[in-house]
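Q: Right, I'll just put the structure down here and ask away after.
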Amino acid sequence: MIGGIAETQEMLAFCARRGILPDCEMIRMDQINEAFERVEHADVRYRFVIDTASLPQPPPWQAIADSKLAVRIFSTIVGRNLC
């Protein structure tokens, strides 16, 4: 199917009305290399979806550090000191 945004939205709405869903194969992050090899060998029947629960979790202090960095970056962009 070839089309733009409007056609894509129409197709997604059509699928939603009729309960049409993609066939997916859930994989863990540590299976990504195997999944890639399967794609290379055309050994894929379903869409691969990475289970985000299998992603390594950053330590709690990392989220705090990331949020402070985001505030500093945003402050720089808008030209106001929000820190």
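The numbers here are math on the coordinates, done by the rules we state, and not lab data. The shown structure was predicted, so the numbers you read here are calculated from the model rather than taken from an experiment. Cβ sites come from the backbone with ideal geometry, for glycine too, and all protein chains shown count toward neighbours.
Q: Within a 10 angstrom radius of the beta carbon, how do Asp30, Asp23 rank from fewest other beta carbons to most?
A: Asp23, Asp30
Q: Which residues' amide hydrogens lie under 5 Å from the amide hydrogen of Ile50, considering only partners 5 or more residues apart or on another chain, with H built in the peptide plane?
A: Excluding prolines and chain starts, which carry no amide H, the hits are Ile27.
Q: Enumerate by residue number the trypsin sites (Lys or Arg not before Pro) in the stretch 14-54 meeting two conditions: DSSP loop (anything except H, G, I, E, B), and at most 14 other Cβ atoms within 10 Å of the site's Cβ. Walk me through the numbers before you get to the answer.
A: Details: sites: Arg17, Arg18, Arg28, Arg38, Arg45, Arg47; in loops: Arg28, Arg45.
Passing sites in the stretch 14-54 are Arg28, Arg45.
Q: Would you mind ranking Thr52, Thr8 by Cβ crowding within 10 Å, fewest neighbours first? Write down the numbers at each step before the final one.
A: Numbers: Thr52 7, Thr8 11.
If I rank by nearby Cβ atoms, fewest first, I get Thr52, Thr8.
Q: Excluding Ala35 itself, calculate the net charge of residues whose Cβ lies under 11 Å from the Cβ of Ala35, where each Lys or Arg counts +1 and each Asp or Glu counts -1.
A: -3
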